[in-house]
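Contents: one structure, followed by commentary.
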Amino acid sequence: MSEGRIILIKRPLNKGAHHGGGWKIAYADFMTAMMAFFLVMWLLAISSPKQLAGIAEHFKTPLKVAMAGGPAASLSSSVIPGGGGDPMQKIGETTHEGGSAAKAADPADNQRLNEIKRQLDDLIESSPVLRQFRPQLLIDITPEGLRIQIVDSNNRPMFERSSAVVVPSMQAVLREIGPVLNAQSHKITLSGHTDATHYTQGDKAYSNWELSADRANASRRELVAGGMQEAKVLRVMGVGASIYLDPDHPQAAINRRISIVVLNKRAQADIEATGVAQAASAVIAPASPKQGATPEQPDATDTSTKP
């Protein structure tokens, strides 16, 4: 009988196929993108407000306008050129009326208001006091004139809680702005705004209406203390929580604000004419007492007047 032979079969080991380093390319792309992202964030952090405004205006310009030139495609408040809501929408206490307000405005008057805006922007940049409040200072041109809004912040309030007592930081801001407003011929109006938070007793006692009016008047006193003449003030009013900057969040801090409007000539003339007309219509003949009734004699010791 023949011996059985042992057959050995040697099979080569198959090594894994080379991956080609594709993951390294993906990782390098990721790191490049992250570096670019942080570089952009750093540039935005060190940019001045004017530079940021220029960057924003660049991205508002449509590609067609950027290539061919010409005016912007939309004057609405939307960041998307050509889009946005109704141009008649209300923003703050002004109404954008596109044609009529712009046509009625005096170009020289607008130029003076833009110069005041430039002076305020320069003052904010150069003043250590105002620079730290830059996010709370909103300055824009409206159909009534140059509007300066000082908005509240949870971390940096303008007034003591539920009070018209001005905090020291807000005093410093208003007293810095006062001399700039006094150096021009335009008159101003002040209006106080609150958020939607109500007092526990509602509107039956001291309410947001009184609070907003008191805060506006307290701001007037600080402007005068800073060097602005009393005669510059044409109107001080409180509008309570009737007008929001952030309608979607009625209790947001940004809705608590003081609005100062440097009036253009047309708006100033309209307010003065309305005041004269109201004063003339208020002159009426006193009502005669009822028959048999004895007219009340005024108390000699009572010197108070009704509001």
Apart from one, (1) modelled with pLDDT under 90; (2) open to solvent by less than 50 Å² (accessible area, probe 1.4 Å); (3) over 17 Å from residue 159 (Cα atoms) all hold for residue 232; the odd one out is (1)
Report yes if residue 167 is farther than 21 Å from residue 252 by Cα and aliphatic (A, V, I, L, M), otherwise no. no
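Rundown of residues vs (1) modelled with pLDDT of 80 or more; (2) open to solvent by 60 Å² or more (accessible area, probe 1.4 Å), yes/no style:
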site: 88; (1), (2): no, yes
site: 91; (1), (2): no, no
site: 95; (1), (2): no, no
site: 108; (1), (2): yes, no
site: 111; (1), (2): yes, yes
site: 114; (1), (2): yes, yes
site: 118; (1), (2): yes, yes
site: 126; (1), (2): yes, yes
Going by the structure shown, is residue 22 modelled with pLDDT under 65, over 28 Å from residue 119 (Cα atoms) and not hydroxyl-bearing (Ser, Thr, Tyr)? no
Taking the stated definitions as given, is residue 148 more than 18 Å from residue 50 (Cα to Cα) and touching a helix residue (DSSP H, G or I) at 6+ places or on another chain (Cβ under 8 Å)? no
Output the qualifying pairs, or none if there are none: Cβ atoms under 6 angstrom, residues six or more apart or on different chains, first residue in region 202-228 and within 15 Å of residue 190 (Cβ to Cβ), second residue open to solvent by less than 50 Å² (accessible area, probe 1.4 Å) and of a type in the set (Phe, Trp, Tyr). 215/159
Meets criteria (within 36 Å of the chain's Cα centre (by Cα) and modelled with pLDDT under 90) for residue 290: no
Subset of region 235-258, residues closer than 21 Å to residue 155 by Cβ and in a strand (DSSP E or B), comes to 257, 258
Considering only residues of region 21-51 that are of a type in the set (S, T, N, Q) and outside any helix (DSSP H, G or I), which is farthest from residue 127 (Cα to Cα)? 47
May I ask you to list the residues in region 144-160 that are surrounded by fewer than 18 Cβ atoms within 10 Å (Cβ to Cβ) and either touching a Pro at 6+ places or on another chain (Cβ under 8 Å) or within 25 Å of residue 265 (Cβ to Cβ) (or both)? 153
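The values are calculated or read from the model by the stated rules, or taken from the named source; none is laboratory data. Only a predicted model underlies this, so the values are computations on that prediction, with no experimental measurement involved. As a convention, Cβ positions derive from the backbone with ideal geometry for all residues, glycine included, and neighbour counts pool all protein chains shown. Accessible surface areas use protein heavy atoms only, side chains included; no ligands, DNA or RNA. Shrake-Rupley method; radii C 1.70, N 1.55, O 1.52, S 1.80 Å.
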